[in-house]
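Reading through the structure tokens given below for one structure.
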Amino acid sequence: MKINPYPLLLRKLNDYKDQSISMSKRILYWLQNDLRLTDNPIFSDLMLQQCALDIVFVINPHWFKNNNYQQKPYGIHKQQFLMQSLYELQQALIERGQTLHVLEGEPVSLLKARINEQNIDEVVYSEQFGVYEQRQINLLKAHCPNTQFTGSQQDTLFKQSDLPFDLSELPKHFTPFRKKVEAANSPITPSTLPNGLLPQPITLCAKKPIERITNKGVMHGGLNSAQAHLKQYFAGAMPSTYKTTRNELDGFNNTTKFSTWLAFGCISAKQVYKAVENYEQCNTANESTYWIKFELLWREYFKWHALKAGNTLFSFKGQKQTKPLTTFTPTRFAAWCNGTTPYPLVNAIMKELNSTGYISNRARQIAASCLVNELGLDWRYGAAYFEQQLIDYDVAANWGNWQYIAGVGVDPRGGRHFNIQKQTAQFDPEGIYTNKWHGHSNKTQQLDHLNEVDWPI
């Protein structure tokens with residue numbers, strides 16, 4: 001016998017007695033990378049409306065199938081974090097008298113059918129910066145011409161209309177972007193969610209409620225987990241030392257880790273930015289606290305850059321339309337992925353990535369530079385592998401940074417080559433990190449075993 005997972009929701013629904021069951025407007029909220037209630041302008045707006053509401057998240061089977069680069073968009077670590085995030089959101093919605101419906105299938109087909117079945121008048125959604133995500137919403141609009149669609153920009157610090165320039169005039173590099181945005185001094189204010197219940201659910205019970213997932217990783221997904229981490233991080237001295245620790249290869253508290261929850265929208269960039277400002281007012285403002293805001297502006301720049309770049313974000317020649325002098329060699333790529341290259345530090349980095357779904361920013365730069373410069377491989381394969389493995393994968397930051405390293409993106413210096421010996425001497429002189437992640441084990445002595453005509457070397 002199945003136990004009703006919604007006893008709290010059923011009790012909450014008694015509070016709807018003053019509302020009409022037959023609402024004048026029926027709204028579907030298509031959740032994507034906005035898995036939170038706090039600083040979610042869509043939910044704040046819905047609280048003010050007299051409507052019936054259907055809250056939907058779609059798990060796309062494509063996420064777990066190999067793409068053109070033979071990688072899956074979702075690896076096991078990212079999948080676990082997603083399901084944890086959905087569970088915490090589900091429970092928070094029940095507290096507010098609502099239901100989260102998690103569907104599995106091709107998003108456009110599923111949502112088209114649901115819109116028709118539920119007689120949906122309006123679809124609300126968070127505007128996406130990824131070209132494939134934009135394509136999905138445009139296809140859905142085309143399939144449902146009689147349905148109103150309302151998008152909201154809530155994944156960035158600023159709305160496009162708040163930028164001190166037109167998107168077509170977005171600076172080619174980060175520094176002029178940062179200077180113009182800082183000079184404009186546009187207010188960054190998270191939205192508030194009124195107390196009380198959300199609009200009544202169109203369908204009361206979900207067919208497949210999300211079950212609690214035991215955490216097996218270093219970070220736990222979800223809006224509550226995000227807020228707990230935000231509180232913990234800003235409760236001590238860590239923000240005031242961030243600039244000096246951010247490049248360390250190891251140590252959980254050396255970096256903020258906000259990128260994981262930001263990627264799924266469990267927390268907003270505005271919330272993090274505001275937390276930094278509050279810390280500066282109550283504790284101290286120094287180079288380190290500014291640097292956290294600096295990193296948020298880097299994230300911001302990559303978002304708007306991705307929107308402007310469109311498909312060229314994934315192009316081998318990138319923004320500069322310059323073909324890198326690289327190729328694809330399966331054995332070299334496999335050695336890089338598995339951490340069996342001739343470079344112990346890189347091996348350690350890749351083994352940590354594969355084991356945990358997270359590596360520091362410095363580690364990402366070293367690993368990416370190795371793939372492009374030492375191994376001479378097509379940067380897109382590395383970007384696709386990071387997409388699969390990283391919990392905090394973000395389409396704009398990931399592909400933008402890989403183009404940056406490969407010299408086909410927004411780097412004014414034409415790419416970055418991180419000398420592995422120098423990086424080892426600077427960040428792991430005693431070999432502590434390398435030994436921790438077994439960088440010397442299974443190390444190959446030569447990169448290639450076949451020559452250009454497939455004869456053994």
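Please list the non-local residues whose amide H lies under 5 Å from the amide H of Phe149, H modeled 1.01 Å from N, same-chain partners needing a gap of 5 or more.
Answer set, sorted by chain and number: Val123.
Taking a 32 Å limit on the Cα-Cα distance, which of the listed pairs Lys172/Lys257; Lys141/Lys231; Lys25/Lys65; Lys141/Lys257; Lys25/Lys78 fall beyond it?
Listed pairs above 32 Å: Lys141/Lys231; Lys25/Lys65; Lys141/Lys257; Lys25/Lys78.
Helix-only estimate, please: 222 nm mean residue ellipticity of the chain, summing -39500 (n - 2.57) across DSSP H runs of length 4 or more and dividing by its residues, to the nearest 500.
-12500 deg cm²/dmol
In percent, how large is the relative contact order of region 223-309, given Cα pairs closer than 8 Å and 6 or more residues apart?
35 percent
Residues with beta-carbon under 15 Å from that of Ile213, excluding Ile213: net charge, scoring Lys, Arg +1 and Asp, Glu -1?
+2
Could you state the angle between the C-alpha long axis of helix 287-309 and the longest principal axis of the C-alpha atoms of the chain, as a value from 0 to 90 degrees rounded to the nearest 10?
Once rounded, one gets 80 degrees.
Could you tell me which GluC sites (Glu not before Pro) in region 135-237 are loop residues by DSSP with no more than 16 other beta carbons within 10 angstrom of their beta carbon?
Those satisfying the criteria are Glu211.
What does the net charge come to around Pro171 if you take all other residues with beta carbon closer than 10 Å to its beta carbon, with K and R at +1 and D and E at -1?
Net charge around Pro171: +3.
With semi-axes √(5λ) of the Cα gyration tensor in Å in mind, check (1) 35, 30, 20; (2) 47, 26, 21; (3) 40, 25, 23 and report the label derived from this structure.
After the calculation, the listed value that fits is (3).
Going by amide H atoms built from the backbone, whose H comes under 5 Å of the H on Thr329, apart from near neighbours?
Close amide H contacts, sequence-distant or interchain: Asp378.
Take the alpha carbon atoms of region 24-155, find their radius of gyration, then divide it by 2.2 N^0.38 Å using N residues; give the quotient.
1.06
Stretch Asp250-Thr444 to full length: gain in nm at 0.36 nm per residue minus the Cα-Cα span?
67.4 nm
Would you mind checking the radius of gyration and Dmax of region 344-407 based on alpha-carbon positions, in Å?
10.6, 29
Calculate, in nm to one decimal, what Ser152 and Gln232 gain on full extension: separation in residues at 0.36 nm each, minus their alpha carbon distance.
25.8 nm
List residues of region 370-407, by number, whose backbone nitrogen lies under 14 Å from a label position 7 Å along Cα→C-beta of Phe316.
377-382
For a quick protection proxy, order the peptides 115-124, 255-264, 220-229 by their average other-Cβ count within 10 Å, most packed first.
Per-residue mean Cβ counts within 10 Å order the peptides as 255-264, 220-229, 115-124.
Between Thr284 and Asn116, 0.36 nm times their residue separation minus their Cα-Cα distance comes to what?
Taking 0.36 nm per residue and subtracting the Cα distance, the gain is 55.0 nm.
Give me the percent relative contact order of the chain, please, defined on Cα pairs under 8 angstrom at least 6 residues apart.
Relative contact order for the chain comes out at 19 percent.
Given a Förster distance of 25 angstrom, what is the FRET efficiency for Thr192 paired with Lys25, based on the Cβ-Cβ distance and rounded to 0.05?
0.60
Among all the aspartates and glutamates, which ones have a C-alpha under 14 Å from Lys243's C-alpha, if same-chain residues fewer than 8 places away are not counted?
Candidates past the 8-residue exclusion: Glu287, Glu295.
Can you pull out the trypsin sites (Lys or Arg not before Pro) in region 333-435 whose DSSP state is coil and whose Cβ has at most 10 other Cβ atoms within 10 Å?
Arg413
To make sure I understand the rule: partners must be aspartates and glutamates, Cα under 18 Å from the Cα of Lys320, and not fewer than 8 residues away in the same chain. Which ones qualify?
In chain and number order, the partners are Glu169, Asp378, Asp411.
Could you list the square roots of 5 times each eigenvalue of the Cα gyration tensor of region 110-260, that is, the equivalent ellipsoid semi-axes, sorted largest first and rounded to whole Å?
Square roots of five times the eigenvalues give 34, 26, 16 Å.
Any read-out appearing in this document is the output of simple, stated calculations on the displayed coordinates, not a laboratory observation. Small disclaimer: the values here were computed from a predicted structure and weren't measured. Neighbour counts run over all protein chains shown; Cβ positions are idealised from the backbone, glycine included.
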